[in-house]
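Data first, discussion second: the structure below is written as C-alpha cells.
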Amino acid sequence: QVQLVESGGGLVQPGESLRLSCAPSKSISSINVMGWYRQAPGKQRELVASITSTQSTNYADSVKGRFTISTDNAKNTVYLQMNYLKPEDTAVYYCNARRYFPSATYWGQGTQVTVSS
C-alpha cells in the first residue's frame, strides 16, 4: 500500500522559515493534485495550499505571500516553503495526493510544526 512520507517539521521562532517535503513510499501514476493541509488542536483540518499537475496553485488566504508550494513531478514529490511563520501556523501538517481516474486519495501521517518564542 502506498503511503506519503512527510519530513521537515519542527520548532521555530516567529518570523523564521521551514520547508516541508512529501514523497510517496513507491511510485504513484497519474497524480492530478497534491497539497498540504493542517490541523491545529481543537480545529478542523484545513487546506493550506495545493498544486495541480499543470502547476496551477491555490493558497489559503492566511498563508498567501508567505508560503509557496512546488513539486517535482518526476518524483511525485511536493514541497511547502513556509516563510515568516506565525504562532497561528502551529499545527500538524498533512500531505495529500489525489488521482481522478481511477479515483484514489493518499494521505501522509502528518508532521508537527510549532511556532513559538
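To keep it simple, each residue is scored yes or no on (1) basic (Lys, Arg); (2) touching a Cys at 6+ places or on another chain (Cβ under 8 Å); (3) within 17 Å of SER50 (Cα to Cα).
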site: THR71; (1), (2), (3): no, no, yes
site: MET82; (1), (2), (3): no, no, yes
site: GLU88; (1), (2), (3): no, no, no
site: TYR93; (1), (2), (3): no, no, yes
site: ARG99; (1), (2), (3): yes, no, yes
site: PRO102; (1), (2), (3): no, no, no
site: GLY108; (1), (2), (3): no, yes, yes
Original post:
For the subset of the stretch 65-91 comprising residues that are open to solvent by less than 40 Å² (accessible area, probe 1.4 Å) and hydrophobic (A, V, I, L, M, F, W, C), which member is nearest to ALA40 (Cα to Cα)?
Top reply: ALA91
**OP:** Note down all Cβ pairs under 6 Å where the first residue falls in the stretch 50-64 and is under 10 Å from MET34 (Cα atoms), the second is outside any loop (DSSP other than H, G, I, E, B) and open to solvent by 60 Å² or more (accessible area, probe 1.4 Å), and they're at least six residues apart or on different chains.
**Re:** SER50/ASN58; ILE51/THR57
Subject >> Selection within the stretch 16-35 - open to solvent by less than 50 Å² (accessible area, probe 1.4 Å), out of contact with any Phe, Trp or Tyr (no Cβ under 6 Å at 6 or more places or on another chain) and not aliphatic (A, V, I, L, M) >> reply: CYS22, PRO24, GLY35
**OP:** Starting from residues that are of a type outside the set (Gly, Ala, Ser) and over 16 Å from TYR93 (Cα atoms), keep the ones in the stretch 52-64 and report whichever is least open to solvent (accessible area, probe 1.4 Å).
**Re:** THR52
Original post:
Of the residues that make up the stretch 18-35, is at least one in contact (Cβ under 8 Å) with a residue 40 or more places away in the chain and farther than 22 Å from THR105 by Cα?
Top reply: yes
Original post:
Can you find a residue in the stretch 101-116 that is at pLDDT 95 or above, touching a helix residue (DSSP H, G or I) at 6+ places or on another chain (Cβ under 6 Å), more than 13 Å from CYS22 (Cβ to Cβ) and not polar (S, T, N, Q)?
Top reply: yes
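The values are calculated or read from the model by the stated rules, or taken from the named source; none is laboratory data. Predicted model, so just to flag it, every value in this text is computed and none were measured. Ideal geometry is used to build each Cβ from the backbone, glycine not excepted, and the neighbour counts take in all protein chains shown. Only protein heavy atoms, including side chains, enter the accessible area calculation; ligands, DNA and RNA are left aside. Shrake-Rupley method; radii C 1.70, N 1.55, O 1.52, S 1.80 Å.
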